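The values are calculated or read from the model by the stated rules, or taken from the named source; none is laboratory data. Here the structure is a predicted model, which is why all the values come from computation and not from measurement. Ideal geometry is used to build each Cβ from the backbone, glycine not excepted, and the neighbour counts take in all protein chains shown. For accessibility, only protein heavy atoms count, side chains too; no ligands or nucleic acids. Shrake-Rupley method; radii C 1.70, N 1.55, O 1.52, S 1.80 Å.
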Amino acid sequence: MAISPLAGKHAPPALLIDIPALWDEYYTTTPDPGDPLQRVSFGTSGHRGTASNGSFNEAHILAITQAVVEYRRIAGIAGPLFLGMDSHALSEPAQRTVLEVLAAHAVEVYVAEGGGFTPTPVISHAILTHNAAGKSQSDGLILTPSHNPPGDGGIKYNPPSGGPADTRITGWIQDRANELLAGGASGVRRVSEEQAMRVPSTHLHDYIRPYVSDLASVIDLDVIRGSGLRLGADPLGGSSVAYWEPIAELYGLDIKVVNSRVDRTFGFMPVDRDGKIRMDCSSPYAMADLVHLKDQYDIAFGNDTDADRHGIVAPSVGLLNPNHFLSVAISYLFSNRTGWRTDSAIGKTVVSSSMIDRVGKTLGRRVAEVPVGFKWFVEGLVDGSYGFGGEESAGASFLRQDGTVWTTDKDGLIMGLLAAEITARTGRDPGIHYRELTELLGAPIYTRVDAPASPEQKSRLKKLDPSDVQATTLAGDAIVDRLTRAPGNSAEIGGLKVVTEQGWFAARPSGTEDVYKIYAESFRSQEHLDEILSEAKEIVAAAL
């Protein structure tokens, strides 16, 4: 994909959304239940869309919330529902809609006081903390489209396990919501916004204090404080904006919030690679402002709008590639967390770097490779059989220092603080640590590209069998594995992965475009990676 001339520059006025018009479309546009693109569709992380094209409107949120209420009843979930939203423009009206339905059903709901924003990991932490006390099981809803452009909206459901719901749950909610949508939402019960805020089942809640006061159980904040590190935090206008100052104050840390501005147009953001505004903390273009400040801090970090992703900026390298920091984090944590089980595994997705496998081998730890989606790490983090779960897209979480569960959803705040802990304890920033790993284990080159595919081809790609791959070599090396199921849990990966000793590729269909995604990595050279990509397209074409 060509890099936009706007990439890394601040967004011009022409790119900014019209918020009043967007809100009007949210309430007035009626989605067409007969159009697959306008139906409720739960992907790897909830339902997403935008109001302007009928894919994220009040009717969707009414139907989804009603379906969640009905699911809770069937599942016997009688405790409170923890509700959060990020700073996307559509999150605010969507949260009002959710409250109107929950109040009509007298569902106990906790919503941030003062209309504040609540990060995804904070909702996960609240659910798990409540349920650990042995009370009636709780769950949660988060209004967020993650790092997506400002005009997008999203909603995701976290069951009592605290993490993203599995496909069995989301499938039920999706199907029921679409039934309600097809009926014009006539089966939805709701009250007015004013009534929703007055009913005794709606509670204003301080989410910040319980989460912040518990951070010492997962991060060694004493070593950070003792080091005197200068830390920079950029919320990218998102939901972590109100969290960093309380963290600094409670633990005596030198943290400067480099930009505390909240603007639902995100007009302060540098534009991403493709010319769109996107709060992607793994993108060097979106993170250009913080990267520019790298020499002013010993370590700095950014988060996307719901703070479930992290971007680490180190003086030695600037913005770390997400796979690089995952490798460093794993190497450090499994060498320093003495309270963890000796058999706790490293969780990674099938499209994450094989550097993680090599790090795991040096640590003597099992690496559990699962399909894309953080939901696959939830059970292992709950019971401690996974010490760490991480995705190539800069999302991860890990256990408390005593080996018990912290969150079962991605937590970008603790990943930023972990970068500070690593730097404080070792005297070297994560960029230097990664360079040391490459000197020992090799220096992989990783990429992701898109290739065209028809809907029929995408459907076929999802259902491939290893026997459909006839090739015996990839870029000159013998193929050692052909995978359509993840080796860590035997779940279908929804695509294909082909592996050699010195490289691999994975192909997965896009859920929204007529393309498939190719992830590839080489431990040799850029030329070798180019060969892998070229042959990957040939192998996929032959298999389809």
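Before we move on, is residue 137 in contact with a strand residue (DSSP E or B) (Cβ under 8 Å, 6 or more places away or on another chain), among the polar types (S, T, N, Q) and outside any strand (DSSP E or B)? No; evaluated as a whole, the condition is false for this residue.
For the stretch 153-170, does any single residue satisfy the condition of being more than 22 Å from the chain's Cα centre (by Cα), touching a residue at least 24 places away in the same chain (Cβ under 8 Å) and on the phi < 0 side of the Ramachandran plot? No, every residue in the stretch 153-170 fails to be more than 22 Å from the chain's Cα centre (by Cα), touching a residue at least 24 places away in the same chain (Cβ under 8 Å) and on the phi < 0 side of the Ramachandran plot. A residue that is under 25 Å from the mean Cα position of the chain (by Cα) and at pLDDT below 95 occurs somewhere in the stretch 30-37. Could you check, for the stretch 63-78, whether at least one of its residues is within 21 Å of residue 263 (Cα to Cα) and either crowded, with 22+ Cβ neighbours inside 10 Å or touching a Ser or Thr at 6+ places or on another chain (Cβ under 8 Å) (or both)? No, the stretch 63-78 contains no residue that is within 21 Å of residue 263 (Cα to Cα) and either crowded, with 22+ Cβ neighbours inside 10 Å or touching a Ser or Thr at 6+ places or on another chain (Cβ under 8 Å) (or both). Restricting attention to the stretch 264-281, the residues being open to solvent by less than 30 Å² (accessible area, probe 1.4 Å) and not in a strand (DSSP E or B) number 11. Condition test on residue 251, is it buried (at least 23 other Cβ atoms within 10 Å of the Cβ) and modelled with pLDDT of 95 or more? For residue 251, the condition - buried (at least 23 other Cβ atoms within 10 Å of the Cβ) and modelled with pLDDT of 95 or more - is not met. Looking across the stretch 411-452 at every residue that is part of a helix (DSSP H, G or I) and of a type in the set (Val, Ile, Thr), the one that is surrounded by the most Cβ atoms within 10 Å (Cβ to Cβ) is identified as 422. Going through (1) buried (at least 20 other Cβ atoms within 10 Å of the Cβ); (2) in contact with a strand residue (DSSP E or B) (Cβ under 6 Å, 6 or more places away or on another chain); (3) part of a helix (DSSP H, G or I) one by one, residue 329 falls short only on (2).
Of the residues 25, 92, which single one is open to solvent by 20 Å² or more (accessible area, probe 1.4 Å) and either touching a helix residue (DSSP H, G or I) at 6+ places or on another chain (Cβ under 6 Å) or modelled with pLDDT under 95 (or both)? Result of the check over 25, 92: 25.
Assessment of the stretch 280-295 against the conditions (farther than 24 Å from residue 215 by Cβ and hydroxyl-bearing (Ser, Thr, Tyr)) yields at least one matching residue. Scanning the stretch 391-410 for residues that are assigned to a loop (DSSP other than H, G, I, E, B), surrounded by 24 or more Cβ atoms within 10 Å (Cβ to Cβ) and small (Gly, Ala, Ser) yields a total of 1. Residues that are of a type in the set (Ser, Thr, Tyr) and not in a loop (DSSP other than H, G, I, E, B) were ranked within the stretch 332-358; the one that is least open to solvent (accessible area, probe 1.4 Å) is 349. Considering the conditions (1) in a loop (DSSP other than H, G, I, E, B); (2) surrounded by 14 or more Cβ atoms within 10 Å (Cβ to Cβ); (3) charged (D, E, K, R), residue 460 is excluded by exactly one of them, (1). Restricting attention to the stretch 284-324, the residues that are under 23 Å from residue 348 (Cβ atoms) and surrounded by fewer than 24 Cβ atoms within 10 Å (Cβ to Cβ) total 3. Among the residues of the stretch 206-228, those identified as assigned to a loop (DSSP other than H, G, I, E, B), farther than 24 Å from residue 340 by Cα and open to solvent by 20 Å² or more (accessible area, probe 1.4 Å) are 206, 228. The C-beta contact set for the stretch 65-92 (first residue of a type in the set (Asp, Glu), second residue part of a strand (DSSP E or B), distance under 9 angstrom, 6+ apart or interchain) comprises 86/142; 86/143; 86/154; 92/85; 92/143. For the stretch 96-147, the set of residues classified as among the hydroxyl-bearing types (Ser, Thr, Tyr) and over 20 Å from residue 396 (Cα atoms) consists of 97, 110, 136, 138, listed by residue number.
Here residue 436 meets the list (1) out of contact with any Phe, Trp or Tyr (no Cβ under 9 Å at 6 or more places or on another chain); (2) farther than 30 Å from residue 496 by Cα; (3) in contact (Cβ under 8 Å) with a residue 40 or more places away in the chain almost entirely, failing just condition (3). For residue 15, the criteria (1) under 26 Å from residue 450 (Cα atoms); (2) in contact with a helix residue (DSSP H, G or I) (Cβ under 9 Å, 6 or more places away or on another chain) hold in every case but one, which is (2).
Could you check the stretch 359-390 and list, in sequence order, the residues that are part of a strand (DSSP E or B) and either in contact (Cβ under 8 Å) with a residue 60 or more places away in the chain or more than 15 Å from the chain's Cα centre (by Cα) (or both)? Reasoning before the result, please.
First, pick out the residues of the stretch 359-390 that are part of a strand (DSSP E or B): 367-370, 386-390.
If the condition is that a residue be part of a strand (DSSP E or B) and either in contact (Cβ under 8 Å) with a residue 60 or more places away in the chain or more than 15 Å from the chain's Cα centre (by Cα) (or both), then 367, 368, 369, 370, 386, 387, 390 are the ones that fit.
A single member of 482, 425 is more than 30 Å from residue 332 (Cβ to Cβ), of a type in the set (Lys, Arg) and in contact with a helix residue (DSSP H, G or I) (Cβ under 8 Å, 6 or more places away or on another chain), and it is 482.
For the stretch 487-510, a residue qualifies if it is in contact with a helix residue (DSSP H, G or I) (Cβ under 9 Å, 6 or more places away or on another chain), open to solvent by 20 Å² or more (accessible area, probe 1.4 Å) and touching a residue at least 60 places away in the same chain (Cβ under 8 Å), and the qualifying residues are 488, 489, 492, 494, 508. Within the stretch 28-51, being touching a residue at least 24 places away in the same chain (Cβ under 8 Å), over 30 Å from residue 289 (Cα atoms) and open to solvent by 60 Å² or more (accessible area, probe 1.4 Å) holds for 30, 39, 41. Within the stretch 170-181, the residues that satisfy the criterion of being open to solvent by 10 Å² or more (accessible area, probe 1.4 Å) and within 24 Å of residue 126 (Cβ to Cβ) are 170, 172.
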